[in-house]
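The values are calculated or read from the model by the stated rules, or taken from the named source; none is laboratory data. Since this is a predicted model, take the numbers as computed values, not measurements. Neighbour counts are summed over all protein chains in view; Cβ atoms, including those assigned to glycine, are modelled from backbone coordinates with ideal geometry. Protein only, heavy atoms only, side chains kept; ligands, DNA and RNA dropped before computing areas. Shrake-Rupley method; radii C 1.70, N 1.55, O 1.52, S 1.80 Å.
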Amino acid sequence: MKHHHCFASRVKSISSSKFIGAAFSLSTLLFIQAANAADITWTGATSDVFNLGTNWSSGTVPGSSDNALLAAGTAVFNDGSTISVGYLSSTTGSLTIGSGTLNLISTSSQQNFGNNGGTLNMTGGTLNIASAFVYRIGASSSTATTFTMSGASAVNTTGGSYFVIGNGILNGGMSDTASISSSASNFYFGDSAGTVNFTMSGSSKLNSSAGTFVIANGGSTNTTLSLTDSASINVTGGTLKIASGGSSTGTLTLSDDSYVNVTSTNAVIVGGGGGSTASVTLNGNSYFNATKIKMGDAGTTASGSTSSITLNDSSTMTLQQLTVGHYSGGGTSTVTVNTGAKLTASSYVTLGRDDSATGTAVSSLINLNGGVLETQYVQNGSGTGTHLLTVDGGTVRALASVANFFPAGMNGSSAINTITTPVTIAAGGMTFDTNGFNVGIGTVIDGSGGLNKIGAGDLTINSALTYTGETYVTEGSLSVGATGSLATSLISVASGSILSFDTGSGLTNLTTIELASSTAVELFYDGDMTLESLTLDGVEVDPGTYTISELNALGSSSSITFTSDAFNATLSIIPEPGCLTLTAFAGMLLLRRSRRA
């Protein structure tokens, strides 16, 4: 205090000599301003007009060196003017801004609107908050603060350390073209055990250009943020987190044409704290675009986290990378893509931890329930939790040619797992779209459902697939490689498609093969393969053993061709139950031919 007194005396001395200017930095002037600031309280003695001196305890409207206190009552700022005050705070008081600009320029340590409830209602106009260390809207844990924005109203924060909407109980929403834009180091929608329910509609926008933007930060914070119409969240800098720290719960729901667009290259964190619960749901035509999402990134093994992403209707999520269940002591990270929805990860998807470190136990699950997952590959990351891709009526679409679409995980040149990605086909089946690429499968795929291969390009089976449903080659080619086998009960090949068996490949179950007209079968082996039945363009072939030339003679009228090249392959049709496939081994691995449907 003695130091401050001397400094103030020095300022007074310099002022009396009328020498003010270069000797003072901006921070010095702001210090003087804060030292001379007056607390002016709203009385509303004359009316509800904010810009009327008789409504304030000092008899004058607060100025740039004053603090405006709305202890109680309602003030209306609607005359289109521009007013600057040190800071604005309220206890139970309410403020309506209809037009004009209200600037809060103080950098004091903490400012709260809504210490014990109150309402901030903006139907127009602009509220600018400049470099406040902390500014909170809604700071009561016992009485709800209401915060609503409509029209073209705008809240802008420039710099500062913390901008918090909902440090206590807060309800509200935005509509029309209202916007909140923050460049604060930390922008929290719900903080420190706050409870926030906020709805965005129209073309309203939340914009964050720096620092960390968190939906539900710390403690027992519970934030529900719902977007409808074409409302949006736009993150151009810093990091977006949903449920970060402690036992926080963050719920983000997008509907209609609303969207989240993250152009910052930092990973979006969904479930970023031990004990946290994060939920992201997309409905309608909504979309979520980002470079990368990490789910279940608690940063500790001391406790688990629960995170989920659910895509419904025609919604889309477009990323470069997706990590499902990165680093947590337990819990579950689940992605569900339902019918009509699409998830794109243009590079790859990781189930489990995606770096070279170990020590995570979170379960990592993807459920394709009729929806589409398109990516270059789905790798199995590290961790002791359950990792599983389950397809029940969904489509897996390749975005590149790869030797194994479901590999053991790698982080650069470092292996992070030695086990390939587990895949189960449920009763609804799996459609695999090679999408013009040549793709290999080198993992075990089990389940009761079947496989439908579509798209130009070749799908090569290099492992034992034990799913028991039917197999359809609708487009392109399906090849069973030298180390591959199928347990399917039926292989049906559509016109223009190709079915190929390599040396050492085979069928581990009684199988029926149905060939439509204009199909091709490649038998690159010496010896015999046994089938339960063979149908050529709807005509069942009699039991027996057939050479390649005999098979071509049978299929010639329907343009069905059989090729064995230098090999001496035969097909035997033995309908008796219990007969297992006999496969022969010899020759060399030949290149497969592919044909566009």
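Working from Cα pairs under 8 Å separated by at least six residues, relative contact order for the stretch 389-504 is 20 percent. Placing unit charges on the Cβ atoms of the charged side chains and taking the dipole of the chain about its Cα centre, the candidate lying farthest along the positive direction among S364, N121, A216 is N121.
Let me make sure I get this right: for the stretch 129-259, a, b and c are the square roots of the gyration tensor eigenvalues over alpha carbons, sorted descending. Under 1.5 in a/c it's rounded, otherwise prolate if a/b > b/c, else oblate. Which is it? Rounded shape, in that the Cα axes give a/c under 1.5. I'd like the carbon and sulfur percentage of the solvent accessible area for the chain, probe radius 1.4 Å, heavy atoms only, ligands and nucleic acids excluded. Reported share for carbon and sulfur atoms: 52 percent.
Here the Kirkwood formula puts the hydrodynamic radius of the chain at 27.8 Å, using every distinct Cα pair. Note on the chain: antiparallel DSSP beta bridges, both residues inside, total approximately 5 percent of the bridges counted. Judged by the gyration tensor of its Cα atoms, with axes a ≥ b ≥ c, the stretch 525-565 is oblate; a/c meets the 1.5 cut and b/c is at least as large as a/b.
Let me test this: with uniform point scatterers at the alpha carbons of the stretch 100-143, what is the Debye-based log₁₀ I(q)/I(0) at q = 0.16, 0.19, 0.25, 0.29 1/Å? Taking Cα atoms of the stretch 100-143 as identical point scatterers yields -0.48, -0.66, -0.97, -1.06.
Simple point charges give the picture: +1 on the Cβ of Lys and Arg, -1 on the Cβ of Asp and Glu, and for the stretch 271-397 a dipole about the Cα centre of about 80 debye. Using the Stokes-Einstein relation with a Kirkwood hydrodynamic radius computed over Cα pairs, the translational diffusion coefficient of the stretch 435-485 at 4 °C and a viscosity of 1.567 mPa s comes to 117 µm²/s. For the stretch 401-505, the equivalent ellipsoid derived from the alpha-carbon gyration tensor has semi-axes of 22, 16, 13 Å in decreasing order.
When you have a sec, figure out the Kirkwood radius of the stretch 311-435 from all distinct Cα pair distances and drop it here in Å to one decimal?
Values: mean 1/r = 0.0703 Å⁻¹.
In the stretch 311-435 this quantity evaluates to 14.2 Å.
Rounded to the nearest 20, the size of the Cβ-charge dipole of the chain about its Cα centre is 2980 debye, with Lys and Arg at +1 and Asp and Glu at -1. Compared with the rule-of-thumb size 2.2 N^0.38 Å for a compact globular protein, the stretch 33-106 has a Cα radius of gyration ratio of 0.98. Simple rule: put +1 on each Lys or Arg Cβ and -1 on each Asp or Glu Cβ in the chain, find the dipole, and look at A398, N312, T143; the Cα lying farthest toward the positive end is T143. Checking the cross-link pairs K205/K294; K292/K342; K205/K241 against a 20 Å limit on the alpha carbon distance flags K205/K294 as lying beyond it. What is the Cα centroid distance between the stretch 75-92 and the stretch 464-488, reported in whole angstrom? For the stretch 75-92 versus the stretch 464-488, the Cα centre distance is 70 Å. Note on the stretch 57-157: Cα convex hull, mean projected area over all directions, 5.9 nm². Ligands, DNA and RNA are left out, and with a 1.4 angstrom probe the accessible area of the chain is 36 Å² per residue.
Rg/Rh for the stretch 431-570 stands at 0.93; both radii use Cα atoms, and Rh follows the Kirkwood definition.
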